[in-house]
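Enquirer: Have a look at this one before I ask anything.
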Protein chains: 2
Amino acid sequence: MPTPIASLDTPAALIDIPRMQRNIQRMQQRLNELGVRLRPHIKTSKCLPVIHAQIAAGASGVTVSTLKEAEHCFAAGIRDVFYAVAIAPGKLPQALALRRQGCNLSLLTDSVAGAEAIVAFAQQQDERFDMWIEIDCDGHRSGLAADAPALLEVAQSLSNGGMHLRGVMTHAGSSYELDNPPALQALAEQERRLCVRAAENIRAIGVACAEVSIGSTPTALSALNLDGVTEVRAGVYVFFDLVMHNIGVCQADELALSVLTSVIGHQPDKGWIITDAGWMAMSRDRGTQRQRHDFGYGQVCNEAGDWIEGAQFSGANQEHGIISLGTAQHETLVTRFPIGSRLRILPNHACATGAQFPDYHAVAADGTLHTWSRLHGW
Amino acid sequence: MPTPIASLDTPAALIDIPRMQRNIQRMQQRLNELGVRLRPHIKTSKCLPVIHAQIAAGASGVTVSTLKEAEHCFAAGIRDVFYAVAIAPGKLPQALALRRQGCNLSLLTDSVAGAEAIVAFAQQQDERFDMWIEIDCDGHRSGLAADAPALLEVAQSLSNGGMHLRGVMTHAGSSYELDNPPALQALAEQERRLCVRAAENIRAIGVACAEVSIGSTPTALSALNLDGVTEVRAGVYVFFDLVMHNIGVCQADELALSVLTSVIGHQPDKGWIITDAGWMAMSRDRGTQRQRHDFGYGQVCNEAGDWIEGAQFSGANQEHGIISLGTAQHETLVTRFPIGSRLRILPNHACATGAQFPDYHAVAADGTLHTWSRLHGW
């Protein structure tokens, strides 16, 4: 009997709902036990049924990477939204419009100039924005050091300007470069310690700073204690991916996103299968390239999702994938993977691969298929 | 006075219409002079105003990489559509539906099994598909060798099965690995010679094979003669990009696609600017990584489009770009590129960057802005 996914056109993005639900439960239970709230970063899925499943499991509000995601969530009834990218001043009118509609949108800055632009706009509009200040805990991207004099200037500027400083936040993005529990635990502790210290430094000058928000999927799953932290933001845990697998924070049976593809050709002399999932389907993300195992453009599985050992997703053009099985298998290639047969590919990076698709096809435990639309663009 | 692009939210994909029009003219005139038709590959833009400009300049039909592109073009009145990816048998009903609506859709195969699946379906549906056979001219991906016995089997199978064999096609995709005119001219000649030979081999067994279709932007712009060729397919020439610039087939003032971004932060000690164009805006395509000049995630320009020497787009997260100016400039960084100021980034690969955006913002010579929507998904 054909499985429901046999009816899908390829390439298609599949979500394994039971795996996704287990991933959601795992993170939520962990943070419940550590006594902090979870504010999932929805930039991974950009998909309402996924977000609603996270909220149903106990999440408190959402984290977004664009104001379009904020608008999308608010339109679906989600009011507590944290736009966790330092806001460009040009986006303030869009943020204001959301707040005026009733969205409890909070904003981020990490500079005096940014804070001043926000205050100037807010005063002009008679608005009191809910603000966070970004802390740099590992030097990988944005944020102010916990002990930087500028941190106190920003806090003071926001406070004097009449804004509501909700708290400080950080993201230990360098966790993506690690792959063993002691290193991950140490970074998680550094993330916690520096963000808590930043909050304490702000409180010491008499500015209220109630919240301490940290997070990345690897550190959230590695932290041994979260004293002083009030919430954790994490995103990719909802699907996991091969980058997370290499880091060591998930098992193969927790990978919930895959790409269904059809075999469209062979180059038997080279031991190649050609598929209709190229980089447009997988994205160009080669996040495992410098990790302990380079998965090429993804891990090749059969249609049921079982890993095919020795199959390397070695090349990708826009709508062509090249899977190499080696010349030792060139004789059986064509019969083992005939034209029209199907494979599933586990992606390196779920956020990047998902973004290539307008819809997910979500597969329930009983095989029922659901089409879940996904947000695209800004 | 603010420029019209000052009104745009960031990140935004900009098309410089005069550059695009010159690129279109350049390729069309070249192929007119060589006496062959141009069938542009619309996978680069996936955008009707761009495609209509190509047709207005003299293009004959279009090449597509997905059946969704075919449907989109046909709905806009474009009837001659070549789906230039070997068709998965599961997509034949969708192709049939397009033909039954009056689209002159032609299909591709490169295997006996593929040909047999097409014939079986066509006979069942009482349809006569227009077919092309894919030739491998440089070993980079799909196709049959010009002298492969299987080529004649495929041609015979299609012909005996009642299909209309329009011709043979090839794509010298390995041209992306070259960067000097003699090597490009040699590959262009190899592409021409092998595809013509494949057609001659088919004709020699008494099967009609009228057309010889070749193409890649680098070889199309390098070929010295196209004897025996009837049409050229090329895509990225419409916008060009940094990969093409490294290959040497375009000048800086021909790069027609860029991404507008806002400065959202700084790390002065590291000499970094943080922007709101990360990999979601640029794509993860690092196509210049192994070329003569590695442009990181793109060439950084000021808002007017002038290249900023020494600015390296060194890192990208989902909605954050990291531009490194080096620590020598850390003192002037914040005043030279203040929060909220804007930059333009030239992409490595126009096809991949364009795909990240639902719309282009096309800028006419007089500065007028047009919003041009772009196709997404399959």
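Values quoted throughout were computed directly from the atomic coordinates according to the rules given, and no laboratory measurement underlies them. Since we're looking at a predicted model, the values are computed, not measured. Note that each Cβ is placed from the backbone with ideal geometry, even for glycine, and that neighbours are counted across all protein chains shown.
Enquirer: Please go through the range B:108-132 and give me each residue that is within 25 Å of residue B:41 (Cβ to Cβ) and within 14 Å of another protein chain (Cβ to nearest Cβ), ordered by number.
Expert: Once the filter is applied, which keeps residues that are within 25 Å of residue B:41 (Cβ to Cβ) and within 14 Å of another protein chain (Cβ to nearest Cβ), the range B:108-132 yields B:108, B:109, B:110, B:111, B:114, B:115, B:117, B:118, B:132.
Enquirer: So, one more: For the list (1) touching a Gly at 6+ places or on another chain (Cβ under 6 Å); (2) at the interface with chain B (Cβ under 10 Å from one of its Cβ atoms); (3) at positive phi, I need the number of the one condition that residue A:377 fails.
Expert: It is condition (1) that residue A:377 fails.
Enquirer: Return the pair list, or none, for Cβ contacts closer than 8 Å from residues in the range A:102-124 that are over 16 Å from residue B:263 (Cα atoms) to residues that are in a strand (DSSP E or B) and of a type in the set (Lys, Arg), at least 6 apart or on different chains.
Expert: The qualifying pairs are A:106/A:166.
Enquirer: Something else about it: Name the pairs: first residue in the range A:218-232 and touching a residue at least 60 places away in the same chain (Cβ under 8 Å), second residue among the hydroxyl-bearing types (Ser, Thr, Tyr) and not in a loop (DSSP other than H, G, I, E, B), Cβ to Cβ under 8 Å, at least 6 apart or on different chains?
Expert: A:220/A:237; A:221/A:237; A:229/A:213; A:230/A:213; A:231/A:213; A:232/A:213
Enquirer: Testing residue A:281 on (1) crowded, with 24+ Cβ neighbours inside 10 Å; (2) over 30 Å from residue A:64 (Cα atoms); (3) touching a helix residue (DSSP H, G or I) at 6+ places or on another chain (Cβ under 8 Å); (4) facing chain B (nearest Cβ under 10 Å), one condition comes back false. Which one is that?
Expert: (2)
Enquirer: Out of the residues in the range A:320-339 that are surrounded by fewer than 18 Cβ atoms within 10 Å (Cβ to Cβ) and in contact (Cβ under 8 Å) with a residue 60 or more places away in the chain, which is nearest to residue A:290 (Cα to Cα)?
Expert: A:330
Enquirer: Give the residues of the range A:76-87 that are crowded, with 19+ Cβ neighbours inside 10 Å, in a loop (DSSP other than H, G, I, E, B) and out of contact with any Lys or Arg (no Cβ under 9 Å at 6 or more places or on another chain), sorted by residue number.
Expert: A:78, A:85, A:86, A:87
Enquirer: Going by the structure shown, is residue B:305 more than 12 Å from chain A (Cβ to nearest Cβ), surrounded by fewer than 23 Cβ atoms within 10 Å (Cβ to Cβ) and not β-branched (Val, Ile, Thr)?
Expert: Working: more than 12 Å from chain A (Cβ to nearest Cβ): yes; surrounded by fewer than 23 Cβ atoms within 10 Å (Cβ to Cβ): yes; not β-branched (Val, Ile, Thr): yes.
Judged against the criteria, residue B:305 is a match.
Enquirer: If you go through the range B:133-165 one residue at a time, how many are more than 18 Å from residue B:41 (Cα to Cα) and part of a strand (DSSP E or B)?
Expert: Qualifying residue count for the region: 3.
One line per residue, one yes/no per condition, for (1) more than 14 Å from every other protein chain (Cβ to nearest Cβ); (2) farther than 25 Å from residue A:346 by Cα; (3) part of a loop (DSSP other than H, G, I, E, B):
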position: A:15; (1), (2), (3): yes, no, no
position: A:32; (1), (2), (3): yes, yes, no
position: A:45; (1), (2), (3): no, no, yes
position: A:50; (1), (2), (3): yes, no, no
position: A:60; (1), (2), (3): yes, yes, yes
position: A:74; (1), (2), (3): yes, yes, no
position: A:93; (1), (2), (3): no, yes, no
position: A:106; (1), (2), (3): yes, yes, no
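Enquirer: Can you pull out every residue in the range A:1-36 that is over 16 Å from residue A:262 (Cβ atoms) and free of Cβ contacts under 8 Å to residues at least 60 places away in the same chain?
Expert: A:1, A:21, A:25, A:28, A:29, A:32, A:33
Enquirer: Could you check residue B:138 against (1) surrounded by 18 or more Cβ atoms within 10 Å (Cβ to Cβ); (2) within 19 Å of residue B:61 (Cβ to Cβ) and say which number it fails?
Expert: Residue B:138 satisfies every listed condition except (2).
Enquirer: If you don't mind, there's one more thing I want to ask. Quick check, is residue A:190 in a helix (DSSP H, G or I), surrounded by fewer than 21 Cβ atoms within 10 Å (Cβ to Cβ) and in contact (Cβ under 8 Å) with a residue 40 or more places away in the chain?
Expert: Answer is yes for this residue.
Enquirer: Working only within the range A:100-118, note down all residues that are over 20 Å from residue B:322 (Cα atoms) and surrounded by 21 or more Cβ atoms within 10 Å (Cβ to Cβ).
Expert: A:105, A:106, A:107, A:115, A:118
Enquirer: I need a count of the residues in the range B:265-276 that are within 7 Å of chain A (Cβ to nearest Cβ) and within 25 Å of residue B:241 (Cβ to Cβ).
Expert: 2
Enquirer: While we're here: Within the group B:376, B:320, which residue is of a type outside the set (A, V, I, L, M, F, W, C) and touching a His at 6+ places or on another chain (Cβ under 8 Å)? Talk me through it step by step, then tell me what you get.
Expert: Details: B:320 fails: touching a His at 6+ places or on another chain (Cβ under 8 Å).
None of the other options fit; the residue is B:376.
Enquirer: Give me the residue from the range A:350-365 that is part of a loop (DSSP other than H, G, I, E, B) and under 16 Å from the mean Cα position of the chain (by Cα) and, out of that set, nearest to residue A:13 (Cα to Cα). Please lay out each step first, then the result.
Expert: Taking the range A:350-365 as the starting set, the residues that turn out to be part of a loop (DSSP other than H, G, I, E, B) are A:355-358, A:364-365.
From what is left, the residues that are under 16 Å from the mean Cα position of the chain (by Cα) are A:355-357.
Working: A:355: 10, A:356: 9, A:357: 7 Å.
Selected residue: A:357.
Enquirer: Go through the range B:320-349 and report how many residues are of a type in the set (Gly, Ala, Ser), away from chain A (no Cβ under 14 Å) and in a loop (DSSP other than H, G, I, E, B).
Expert: 1
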